[in-house]
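Report on one structure; see the data block that follows.
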Amino acid sequence: QVQLVESGGGLVQAGGSLRLSCAASGSSFSINTMGWYRQAPGKQRELVARITFGGNTNYADSVKGRFTISRDNAKNTVYLQMNSLKPEDTAVYYCNADVGRPPGSVNYWGKGTLVIVSS
């Protein structure tokens, strides 16, 4: 089992910045791809960004140029730096970690951290 704990959410004004962190813990695990997803009220959960063990990244079109995902493999932690925040970024942000063998077969989710961007 793997536990994911997100932190860094909060209330921020439009144009501001936040950095989200997700720390993974457990026993006998090795994380492949890690990612951030978000879900706004009345909306389905969507991919925000993801990063492979080797550092390859993908971003949703809506956040390209504003968000940056990174990871520290030694700390089993993934980060999401969010700049130039917009009200439409308001959502619960969830951390995801793929620990499957083969990759993609087993995924864990954090409980989420709330980000509210005021106009």
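At a glance:
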quantity: Count - residues of segment 36-71 that are of a type outside the set (S, T, N, Q) and either in contact with an Asp or Glu (Cβ under 8 Å, 6 or more places away or on another chain) or farther than 15 Å from C95 by Cβ (or both); calculated: 16
quantity: Residue in segment 21-35 that is at pLDDT 95 or above and at positive phi present; calculated: no
quantity: All strands (runs of 3 or more DSSP E) inside segment 1-110 with 2 or more residues being open to solvent by less than 30 Å² (accessible area, probe 1.4 Å); calculated: 2-7, 10-13, 18-26, 34-39, 46-51, 67-72, 77-82, 91-98
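The values are calculated or read from the model by the stated rules, or taken from the named source; none is laboratory data. Remember, it's a predicted structure, so these values are computed and weren't measured experimentally. Don't worry about glycine lacking a Cβ; one is built from the backbone with ideal geometry, like all the others, and counts go over all protein chains shown. All accessible areas refer to the heavy atoms of the entire protein, side chains included, with ligands and DNA or RNA removed. Shrake-Rupley method; radii C 1.70, N 1.55, O 1.52, S 1.80 Å.
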